[in-house]
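Report on the structure given below.
The values are calculated or read from the model by the stated rules, or taken from the named source; none is laboratory data. This is a predicted model, so every value here is computed, not measured. All Cβ positions, even for glycine, are placed from backbone atoms using ideal geometry, and neighbour counts span all protein chains on display. Keep in mind that these areas ignore ligands, DNA and RNA; they rest on the heavy atoms of the full protein, side chains included. Shrake-Rupley method; radii C 1.70, N 1.55, O 1.52, S 1.80 Å.
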Amino acid sequence: AVVSTQSTGAPRYSNLYSYLICFMLWRTLIQKSTIPNTLTRRFFTTQPFPSKMQVSIQGNSVPLTFEKHLTEERVHQAINYAPFTEWVKNMSKPETYDMLRVQKVHIQDIDMFGPRVGFIKFKADVINKQGQNVPGIVFMRGGAVAILIILKQKGGGEDGKEFTLLTVQPRIPIGSHGFPEIPAGMLDGSGHFIGVAAKELKEETGIEIKEEELVDLTHLAYKDHYPGMFPSPGGCDEFIKLFLYKQTVDEAYLKGLEGKLTGLIDEGETITLKVLPLEQLVFHAPDSKSLAAFALYTQLKSTGVIPL
């Protein structure tokens, strides 16, 4: 800094003060992110690096980091969330671990459903046996259930004809105010798939059934090899167990379902029911679980696994 002198001979540090003021202003602008200079921000801000923990995969400690807005308590909830522990278990299987090695896990965000974890967004740095990087960006939401309803009409002008029931409701992620699909819902962490399916059927359609009336289509097809159908395994862990509910009803019952309003108001559900011939399902429901359930039912019936 240059020291100037007044006529009295007393030193004046005006330039030094100016530099200090400019520096403080510069620092403030950086901290408020008004200057998009990554290198400058790194050296002149006091933002902490992501916090660190560890997760055990095949007995090896893998670094786990998380964004600064997440608390350790929230992250502990996330890594004990059933879908995450299941992912760790799958990555620890000898046949998987021999082919894929997790180097690091970074949790980017956690969405809570009240007191419990709903969704986790994380990135896993993974390499294969050849040392090549394997894409590992994950939207974790866990398993779900869906029910293909088949109602066989007894009597009337269409005696013996099979109908199905769709729910029509808003789906914000795709910008739709009324998306048609078969009844479905997320698992509650209890592992009681059939119980959750029966509960969702009642909530979304008003139909009350006994658990033994549901047929697990995915188990008939895959046995214990897969837990369900995976709609988007390239970016999401979600699997869906597909169930079948088949019943004989009269014409008046079918007419009573058409256009019926259902859903849990306190959970923001506004659902309208739609009845249509079963063979028309593929032309009205552009939804993977609906199409998969219909395909499984058709194939299992044609091969005699499900009685005609």
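If the condition is being in contact (Cβ under 8 Å) with a residue 40 or more places away in the chain and either in contact with an Asp or Glu (Cβ under 7 Å, 6 or more places away or on another chain) or under 19 Å from residue 293 (Cα atoms) (or both), then region 186-206 contributes 186, 187, 193, 194, 196, 197, 200, 201, 204, 205. The set of residues from region 80-118 being in a strand (DSSP E or B), free of Cβ contacts under 8 Å to residues at least 24 places away in the same chain and of a type in the set (D, E, K, R) comprises just one member, 111. Of the residues making up region 211-241, those that are hydrophobic (A, V, I, L, M, F, W, C) and under 17 Å from the mean Cα position of the chain (by Cα) number 5. Evaluated against (1) open to solvent by 40 Å² or more (accessible area, probe 1.4 Å); (2) over 24 Å from residue 198 (Cβ atoms), residue 288 falls short on exactly one condition, (2). Counting only strands (runs of 3 or more DSSP E) that sit wholly inside region 149-200, those with at least 3 residues that are touching a helix residue (DSSP H, G or I) at 6+ places or on another chain (Cβ under 9 Å) and not polar (S, T, N, Q) are 162-171, 184-186. For residue 291, the test of being in contact with a helix residue (DSSP H, G or I) (Cβ under 9 Å, 6 or more places away or on another chain) and touching a residue at least 12 places away in the same chain (Cβ under 8 Å) is failed. The selection criterion, being at pLDDT below 95 and either under 14 Å from residue 239 (Cα atoms) or open to solvent by 60 Å² or more (accessible area, probe 1.4 Å) (or both), does not hold for residue 200. Is it the case that residue 276 is in contact with a helix residue (DSSP H, G or I) (Cβ under 7 Å, 6 or more places away or on another chain) and modelled with pLDDT of 90 or more? Here the answer is yes, as residue 276 does meet what is asked.
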